[in-house]
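Peer 1: Got a structure for you, questions after.
The values are calculated or read from the model by the stated rules, or taken from the named source; none is laboratory data. None of the values given here were measured: they were computed from a predicted structure. Note that we place each Cβ from the backbone using ideal geometry, even for glycine, and neighbour counts take in every protein chain shown.
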Ligand code: DGY
């Protein structure tokens, strides 16, 4: 008898469970990834809340003393991934990690676990994680917000999670390739190269890893010297949303000092995010902090403004116009890049394909601000991708064809937590 989609999704989580943490998918990504794991915690919580908490707790066991939470945790060696632990040469003394971070979605998911999936120990676990998340958010503000406006500066495209989005093409063009870099890519032996970044991008990715390594992953020094410094609209929106959820937790636990600290930061970010508003394009975009230039592109991250709770009436109306223009051009919302952009490619990683985690946040935000029809479209498209094409890493926005890895953990998690459920 064939398995239902819920059963298939649970099986994927079980198969990718390495004991306390999951890998995004076997071989292609054989370690623990930061935002993958947080969303995976949400998926687990739908049927095993203890395992959901554990996923996030394991991630935070890799937190560094300064509050930084790495994008990869190398719990065990595995030669199938490049760049592996030795090329990063980073860690917190106990665990080997990468030296860059990833989108801060933990506070949002922890709050959801605490409120929606209550158990005997959920308050205690949320409270213990709250102080760790608070330290991470503080790190973002102290190390990655140079203008003090509430933006998130990234020093590597991988930090955004949207690795090869066209928003990074111009800033990457200003990075010199380090002659010592020797590419040993493994990804293209597992996934069709047409669905992955190009070698020319990997040369920059690895040159930036070499820069960080040369600075001993001193994050303050990297933030001052990196040859790549970009304010990412996606992380800025996700952090602002996470700050709101952290505030709600601080209030719930009666931590007045933390609530005051977070409230002050939220006020700054609500105003500061306007620095990412591109007046000409009428959308929120990422910005190269070294040249001051807006990317001038609408991406799925631009659509996270409602999720972050920002945007005037006029700004939201302009974003909705972009939403409609884009939604009319493709079959499945929300493509990772505007289909009208010259670099758009419906199959290549973050140049067009749809990612379920982003859809979850975009759809949630739209529904929260009362954009019912658009929110429901995103929800339906997300579910249809899984119903019609399975549990891939990402999906062509034009045809729905699965792209990248298969048997993919966060796709299964979002199916369980959102896409496979009726909207209430
Ligand atoms: C990869 O290796 O493709 C990852 O996305 C980097 O985090």
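Peer 1: Which members of the stretch 103-120 meet the condition of being without any contact (Cβ under 8 Å) to a residue 40 or more places away in the chain and either part of a loop (DSSP other than H, G, I, E, B) or touching a strand residue (DSSP E or B) at 6+ places or on another chain (Cβ under 6 Å) (or both)? Before you say what the answer is, go through the steps one by one.
Peer 2: Here is the first cut: in the stretch 103-120, the ones without any contact (Cβ under 8 Å) to a residue 40 or more places away in the chain are 115, 118, 120.
Answer for the stretch 103-120, where residues must be without any contact (Cβ under 8 Å) to a residue 40 or more places away in the chain and either part of a loop (DSSP other than H, G, I, E, B) or touching a strand residue (DSSP E or B) at 6+ places or on another chain (Cβ under 6 Å) (or both): 118, 120.
Peer 1: For the stretch 346-366, name all the residues that are away from the ligand (no atom under 16 Å from the Cβ), more than 13 Å from residue 332 (Cα to Cα) and either more than 16 Å from the chain's Cα centre (by Cα) or without any contact (Cβ under 8 Å) to a residue 40 or more places away in the chain (or both).
Peer 2: The one that is away from the ligand (no atom under 16 Å from the Cβ), more than 13 Å from residue 332 (Cα to Cα) and either more than 16 Å from the chain's Cα centre (by Cα) or without any contact (Cβ under 8 Å) to a residue 40 or more places away in the chain (or both): 366.
Peer 1: A further question on this structure: Looking at (1) assigned to a helix (DSSP H, G or I); (2) more than 23 Å from residue 243 (Cβ to Cβ); (3) in contact with a helix residue (DSSP H, G or I) (Cβ under 6 Å, 6 or more places away or on another chain); (4) more than 16 Å from the ligand (Cβ to nearest atom), which is the one condition that is false for residue 171?
Peer 2: (3)
Peer 1: Six or more apart or on different chains, Cβ under 9 Å: which pairs go from a residue in the stretch 367-394 that's without any contact (Cβ under 8 Å) to a residue 60 or more places away in the chain to one that's surrounded by fewer than 16 Cβ atoms within 10 Å (Cβ to Cβ) and part of a helix (DSSP H, G or I)? Could you list them?
Peer 2: Qualifying pairs under 9 Å: 367/376; 374/324; 375/368.
Peer 1: What residue, of 208, 151, is crowded, with 21+ Cβ neighbours inside 10 Å, away from the ligand (no atom under 14 Å from the Cβ) and either at pLDDT 95 or above or part of a helix (DSSP H, G or I) (or both)?
Peer 2: Details: 208 fails: away from the ligand (no atom under 14 Å from the Cβ).
So the residue among 208, 151 that is crowded, with 21+ Cβ neighbours inside 10 Å, away from the ligand (no atom under 14 Å from the Cβ) and either at pLDDT 95 or above or part of a helix (DSSP H, G or I) (or both) is 151.
Peer 1: Counting just the residues of the stretch 187-205 that are near the ligand (Cβ under 9 Å from one of its atoms) and part of a loop (DSSP other than H, G, I, E, B), which one comes out surrounded by the most Cβ atoms within 10 Å (Cβ to Cβ)?
Peer 2: Out of the qualifying residues, it is 196.
Peer 1: Let me ask another. Just for the stretch 154-166: of the residues that are assigned to a helix (DSSP H, G or I) and touching a strand residue (DSSP E or B) at 6+ places or on another chain (Cβ under 6 Å), which one is surrounded by the fewest Cβ atoms within 10 Å (Cβ to Cβ)? Give the steps one after another, and end with the answer.
Peer 2: Within the stretch 154-166, the subset assigned to a helix (DSSP H, G or I) is 157-160, 166.
Then drop every residue that is not touching a strand residue (DSSP E or B) at 6+ places or on another chain (Cβ under 6 Å), which leaves 160, 166.
Working: 160: 25, 166: 22.
Applying the filter and picking the extreme gives 166.
Peer 1: Let me ask you something else. Determine whether residue 173 is free of Cβ contacts under 8 Å to residues at least 40 places away in the same chain and closer than 20 Å to residue 288 by Cβ. If you could, list the steps in order and put the result at the bottom.
Peer 2: Details: free of Cβ contacts under 8 Å to residues at least 40 places away in the same chain: yes; closer than 20 Å to residue 288 by Cβ: yes.
For residue 173, the condition - free of Cβ contacts under 8 Å to residues at least 40 places away in the same chain and closer than 20 Å to residue 288 by Cβ - is met.
Peer 1: Does any residue in the stretch 191-205 that is in contact (Cβ under 8 Å) with a residue 40 or more places away in the chain and under 20 Å from residue 161 (Cβ atoms) come within less than 7 Å, Cβ to Cβ, of a residue that is within 11 Å of the ligand (Cβ to nearest atom) and assigned to a helix (DSSP H, G or I) six or more places away or on a different chain, and which pairs are these?
Peer 2: If the second residue must be within 11 Å of the ligand (Cβ to nearest atom) and assigned to a helix (DSSP H, G or I), the pairs left are 196/187; 196/188; 205/157; 205/158.
Peer 1: Scan the stretch 340-390 residue by residue and report those that are closer than 27 Å to residue 424 by Cβ, touching a strand residue (DSSP E or B) at 6+ places or on another chain (Cβ under 8 Å) and in a loop (DSSP other than H, G, I, E, B).
Peer 2: 355, 390
Peer 1: Specify which of the listed residues (94, 116) is within 19 Å of residue 361 (Cα to Cα), modelled with pLDDT of 95 or more and surrounded by fewer than 19 Cβ atoms within 10 Å (Cβ to Cβ). Spell out how you get there, then give the answer.
Peer 2: Details: 94 fails: within 19 Å of residue 361 (Cα to Cα).
Going through 94, 116 in turn, the sole match is 116.
So that you can scan it fast, the table gives a plain yes or no per residue for (1) touching a residue at least 60 places away in the same chain (Cβ under 8 Å); (2) within 15 Å of residue 233 (Cβ to Cβ); (3) assigned to a loop (DSSP other than H, G, I, E, B):
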{"residue": "267", "(1), (2), (3)": "no, no, no"}
{"residue": "271", "(1), (2), (3)": "yes, no, no"}
{"residue": "281", "(1), (2), (3)": "no, yes, yes"}
{"residue": "290", "(1), (2), (3)": "yes, no, yes"}
{"residue": "296", "(1), (2), (3)": "no, yes, yes"}
{"residue": "314", "(1), (2), (3)": "no, no, no"}
{"residue": "318", "(1), (2), (3)": "no, yes, no"}
{"residue": "329", "(1), (2), (3)": "no, no, yes"}
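Peer 1: Determine whether residue 337 is touching a strand residue (DSSP E or B) at 6+ places or on another chain (Cβ under 9 Å) and closer than 24 Å to residue 112 by Cα. First the steps, then the outcome.
Peer 2: On the way: touching a strand residue (DSSP E or B) at 6+ places or on another chain (Cβ under 9 Å): yes; closer than 24 Å to residue 112 by Cα: no.
Criteria not met by residue 337.
Peer 1: Now a separate question. Among the residues of the stretch 42-51 satisfying the criterion of being crowded, with 24+ Cβ neighbours inside 10 Å and closer than 15 Å to residue 15 by Cα, which is nearest to the ligand (Cβ to nearest atom)?
Peer 2: From the stretch 42-51, those crowded, with 24+ Cβ neighbours inside 10 Å are 42-45; that's our starting set.
Filter once more, so that each one left must be closer than 15 Å to residue 15 by Cα: 43-44.
Values: 43: 19, 44: 21 Å.
Only one residue tops the list, namely 43.
Peer 1: Could we say that residue 183 is more than 27 Å from residue 138 (Cα to Cα), part of a loop (DSSP other than H, G, I, E, B) and within 16 Å of the ligand (Cβ to nearest atom) here?
Peer 2: Numbers: more than 27 Å from residue 138 (Cα to Cα): yes; part of a loop (DSSP other than H, G, I, E, B): yes; within 16 Å of the ligand (Cβ to nearest atom): yes.
Considered against the rule, which asks whether it is more than 27 Å from residue 138 (Cα to Cα), part of a loop (DSSP other than H, G, I, E, B) and within 16 Å of the ligand (Cβ to nearest atom), residue 183 comes out as yes.
Peer 1: Shifting gears a bit: Looking at the stretch 377-389, can you tell me whether even one residue there is more than 13 Å from residue 332 (Cβ to Cβ) and either at pLDDT 95 or above or in contact with a helix residue (DSSP H, G or I) (Cβ under 8 Å, 6 or more places away or on another chain) (or both)? Break it down into steps so the answer makes sense when it comes.
Peer 2: Kept after step one, since they are more than 13 Å from residue 332 (Cβ to Cβ), are these residues of the stretch 377-389: none.
No.
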